[in-house]
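Quick notes on the structure that follows.
The values are calculated or read from the model by the stated rules, or taken from the named source; none is laboratory data. Computed from a predicted model, the values in this text were never measured in an experiment. Every residue, glycine as well, gets a Cβ built from its backbone with ideal geometry; the counts of neighbours run over all protein chains shown.
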Amino acid sequence: MSDALTEVLRALGAYWSSPITLSIVAVCAASMGTLLYVFLTNSRNTRLRVSLLTGFYALTIFFWVFIAASLFFCITAADMVAYASEGVRSAAAAAVLLALTVSLVLSYLVWRFAARLVLRRLAPRPLREDERWIADYTNLLARFEGMSEVPVMVVERPEPLAMAVGGKRATVLLSRGMLEILDREEVETAVAHELMHLKHHDAEFKVFSTVFSRILFFDPFSKFFDPAVHREREYLADEMSGRSTGKPAALASALLKIADRAPAPELLGGLSIVGKGRGLFSRYPPLQERVERLLLLSDLLTAG
């Protein structure tokens, strides 16, 4: 047993002191640092920022799978790694290949099918005849914003929910509970908020990052930086909704009414317009600050 452990330790030492392995780690770190730097210095280019964060997630997966695969090969093939002349090179190449394959396949599957799974799980229904005005308003606003028509569907849940789901067929979802407690103007501003998420590609990223933050539960990025990005996108969607409808005070009222009811279910973590949680780990900005910003915007629009 001690001989096997000694061999594994020797393999780990040879592997992690190799210039090949250290170069791979350095390239990953430099690439992630570059992506974050470009993200932070392009605050107004929303599409680029979402693409950068998506690439960052894929690179993060590659990095952690590479670490795990490296440890696996050092343990299962310790004799080859520790003593064979090509051992470290072979193990590193295998770890890179495995990490690249897993990160690409996993990223594609999540990006391609996660939104569809959300829709399937919520099982929304089409609008009824008395709800058709929501679709008419949504399509009118979408055309004004230079977007394609966006279908609106209703989720038969008592909790007040409003969310945008991206993917091949972008959709705005509203819950029966939300339609029951909001008046018409409040519903319009909530719909506008979700349309802004679709326009700025937040909806796709929200689903993508929600899945990956659970897969990478141990990754510091998903614990600190990712929630901060979600809070920023909520502020922007609030502001753009208020400006496009001219009714930021109605959105503030809607947020307060939604927050006063049952919180969004756990399965929608970070996707609904209002959710529970606060502080560094919350994907939602403080409700009071959101309301204050919207009321200030209302005063500015009125004064203008």
Restricting segment 141-164 to residues that are out of contact with any Asp or Glu (no Cβ under 7 Å at 6 or more places or on another chain) and among the small types (Gly, Ala, Ser), the one nearest to residue 242 (Cα to Cα) turns out to be 146
So is residue 215 at pLDDT 85 or above and among the β-branched types (Val, Ile, Thr) or not?
no
By residue number, the members of segment 91-107 that are among the hydroxyl-bearing types (Ser, Thr, Tyr) and surrounded by 15 or more Cβ atoms within 10 Å (Cβ to Cβ) are 103, 107
Determine if segment 116-125 includes at least one residue that is in contact (Cβ under 8 Å) with a residue 12 or more places away in the chain, within 20 Å of residue 236 (Cα to Cα) and crowded, with 20+ Cβ neighbours inside 10 Å.
no
Here's a check for you: in segment 176-192, which residue that is touching a strand residue (DSSP E or B) at 6+ places or on another chain (Cβ under 7 Å) and buried (at least 23 other Cβ atoms within 10 Å of the Cβ) is nearest to residue 273 (Cα to Cα)?
190
If residue 135 passes every condition in (1) surrounded by fewer than 15 Cβ atoms within 10 Å (Cβ to Cβ); (2) touching a strand residue (DSSP E or B) at 6+ places or on another chain (Cβ under 9 Å) but one, which one does it miss?
(1)
For segment 43-159, give me every one of the helices (runs of 4 or more DSSP H) that falls completely inside it and has 3 or more residues that are of a type outside the set (Asp, Glu), closer than 30 Å to residue 18 by Cα and under 28 Å from the mean Cα position of the chain (by Cα).
46-76, 87-122
Sort through 27, 8, 38 and tell me the only one that's within 28 Å of residue 110 (Cβ to Cβ) and surrounded by 13 or more Cβ atoms within 10 Å (Cβ to Cβ).
38
Among (1) surrounded by 17 or more Cβ atoms within 10 Å (Cβ to Cβ); (2) at positive phi, there is one condition residue 152 misses while meeting the rest; what is its number?
(2)
Based on what the data block shows, is residue 267 touching a helix residue (DSSP H, G or I) at 6+ places or on another chain (Cβ under 8 Å), buried (at least 19 other Cβ atoms within 10 Å of the Cβ) and at pLDDT below 85?
no
